[in-house]
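These notes concern the structure reproduced below.
The values are calculated or read from the model by the stated rules, or taken from the named source; none is laboratory data. Please read all numbers here as calculations on a predicted model, not as lab measurements. Neighbour counts run over all protein chains shown; Cβ positions are idealised from the backbone, glycine included.
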Amino acid sequence: MLLKRPTWVEFYRDMAFCVSMRSKDPNLQVGCVIVHPESLKILSTGYNGFPPGTENTSKNWEKRTKDDLVVHAETNAVLLTGQTDLEGSIAFVTMYPCKECAKMLIAKGIRKVYYLSFKDKYEESSALFEAANVWVTEISFRHFRPLRRGEDATLKDFEDGLIQRVRFILERVNLTGEPTGVYKALRENTEELRSEDLLSPWPRELKDKILLDKWTHYFLFLALIASTRALKNHQGAILIDSKTLKISAISYNGYPRGVNNDEDDDSMQMSALENAICLRLSEGRDFIAFSTHFPSLHEVKNLAQARVKRLYFIWPKTPDGENINEKALQIMKDAGMEVVPMDVPDLEKLEKAIRDTTGGLKRAEEGNKVPFSAWPSNLTDYDLQPKKPNRL
Ligand SMILES: [Zn+2]
């Protein structure tokens with residue numbers, strides 16, 4: 001079976017949706033991904049959640065209390081960018097932005113918004129987006145575009161497609177063969193690291209059920225989703241800041257930006273992890289990497305140099321199909337890098353989590369005057385391409 005490669009727009013649509021799956025809102029999980037308009041590199045992500053100090057109790061998440069407490073996905077993505085410049089950037093959101101978020105996005109310089117789902121009540125934001133056209137000519141309502149959900153434009157079609165992509169990636173695990181002794185020993189020595197979670201700057205107990213219940217599982221899941229954009233030998237990687245747990249890069253294996261891939265020359269490709277360390281947003285920090293694969297020997301020194309202090313991976317094979325290399329392990333150990341082999345994510349659980357998340361969007365759409373599936377389909381005919389770098 002071949003994977004239908006998601007376009008850039010479909011890729012970031014999936015990513016915004018998967019980012020939202022970490023939200024603890026039991027009714028509606030919303031995600032936002034902001035990308036650079038030329039490189040299409042990821043600049044920020046966010047999902048709806050409470051500010052520091054507010055506990056994730058079902059009482060706080062009740063409809064009448066949550067509105068005063070929750071920070072929306074788009075606002076989180078804008079507020080948590082720190083020093084990153086978002087001028088001219090593109091936002092992908094799973095729900096059309098409310099008025100407050102529209103203000104934030106416009107103020108921060110976002111020029112284009114793609115959305116997956118729509119609630120009549122948020123239609124009031126359109127006036128703001130249109131008004132912004134007065135002082136920024138590039139902004140107009142036509143730049144706020146509904147995202148493709150599949151052939152019949154329903155969320156059902158979208159969720160089936162996403163599950164199919166996740167299944168395709170996970171089924172490849174069967175191709176990796178018997179675990180080697182080196183891998184088994186690594187598993188035994190890292191049992192604790194594998195079961196414990198990362199500690200966020202504001203650790204809060206999860207009092208209610210959440211499907212991607214650990215940061216580590218969440219980031220590995222995003223790495224899996226990233227791998228769906230690769231042309232072949234699907235690898236995905238996520239780099240996060242070790243202190244804030246903010247996503248610093250999302251990547252997959254492929255050709256460097258601007259390099260033509262007509263020749264199909266594998267030696268011109270970069271691995272997902274190498275791409276991630278090149279695309280990372282901040283310097284001088286310690287990072288944690290999540291990868292679908294164990295790194296090749298030539299990647300390891302670069303990971304250490306880029307201050308990756310811990311690496312979580314799923315498949316005990318390198319991108320070149322080699323077994324785990326003891327020399328690579330030694331280099332990482334010498335650099336003070338911890339290496340944690342993780343379990344293969346459970347397809348059934350992921351499938352359920354995806355369906356629960358689309359369930360929230362479907363409920364939010366109930367009662368809309370015009371169902372999304374009745375929207376003109378020519379609105380969704382588009383794509384983005386990274387700008388080819390110019391010669392100086
Ligand atoms: Zn909002």
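Within region 179-201, how many residues are within 18 Å of Leu245 (Cα to Cα) and not acidic (Asp, Glu)? Full working, then the answer.
Going residue by residue through region 179-201, those that are within 18 Å of Leu245 (Cα to Cα) are 193-201.
Then keep just the ones that are not acidic (Asp, Glu); that gives 193-195, 198-201.
The qualifying residues number 7.
Of everything in region 245-270, what is in contact (Cβ under 8 Å) with a residue 60 or more places away in the chain and of a type in the set (Val, Ile, Thr)? Give them in sequence order.
In the first step, residues of region 245-270 are kept if they are in contact (Cβ under 8 Å) with a residue 60 or more places away in the chain; the result is 246-247, 249-250, 253, 257-258.
Ile247, Ile250 - these are the residues of region 245-270 that are in contact (Cβ under 8 Å) with a residue 60 or more places away in the chain and of a type in the set (Val, Ile, Thr).
Is there any pair with a first residue in region 4-21 that is over 13 Å from Thr45 (Cα atoms) and touching a residue at least 12 places away in the same chain (Cβ under 8 Å) and a second that is hydrophobic (A, V, I, L, M, F, W, C) and part of a helix (DSSP H, G or I) whose Cβ atoms are under 9 Å apart and which are 6 or more apart or on different chains, and what are they?
Arg5/Phe11; Phe11/Ile225; Phe11/Ala226
Which members of region 85-108 meet the condition of being crowded, with 17+ Cβ neighbours inside 10 Å and more than 13 Å from the ligand (Cβ to nearest atom)?
Once the filter is applied, which keeps residues that are crowded, with 17+ Cβ neighbours inside 10 Å and more than 13 Å from the ligand (Cβ to nearest atom), region 85-108 yields Leu86, Ser89, Ile90, Phe92, Lys108.
Would you mind stating whether Lys121 is within 15 Å of the ligand (Cβ to nearest atom), at pLDDT 90 or above and farther than 30 Å from Ile324 by Cβ? Working first, answer last.
Numbers: within 15 Å of the ligand (Cβ to nearest atom): yes; at pLDDT 90 or above: no; farther than 30 Å from Ile324 by Cβ: yes.
No; evaluated as a whole, the condition is false for this residue.
When you scan region 322-358, how many residues do you find that are crowded, with 16+ Cβ neighbours inside 10 Å and free of Cβ contacts under 8 Å to residues at least 24 places away in the same chain?
Residues that pass the stated criteria total 0.
Kindly indicate which of Ser251, Ser227, Ser242, Ser200 is in contact with a Gly (Cβ under 6 Å, 6 or more places away or on another chain) and among the small types (Gly, Ala, Ser). So that I can check it myself, show each step before the final result.
Working: Ser251 fails: in contact with a Gly (Cβ under 6 Å, 6 or more places away or on another chain); Ser242 fails: in contact with a Gly (Cβ under 6 Å, 6 or more places away or on another chain); Ser200 fails: in contact with a Gly (Cβ under 6 Å, 6 or more places away or on another chain).
Of the residues listed, the single one that is in contact with a Gly (Cβ under 6 Å, 6 or more places away or on another chain) and among the small types (Gly, Ala, Ser) is Ser227.
Kindly provide the set of residues from region 57-75 that are in contact (Cβ under 8 Å) with a residue 40 or more places away in the chain and part of a helix (DSSP H, G or I), ordered by number.
Initial filter on region 57-75 (in contact (Cβ under 8 Å) with a residue 40 or more places away in the chain): 57-58, 61, 66, 70, 72-74.
Lys66, Ala73, Glu74 - these are the residues of region 57-75 that are in contact (Cβ under 8 Å) with a residue 40 or more places away in the chain and part of a helix (DSSP H, G or I).
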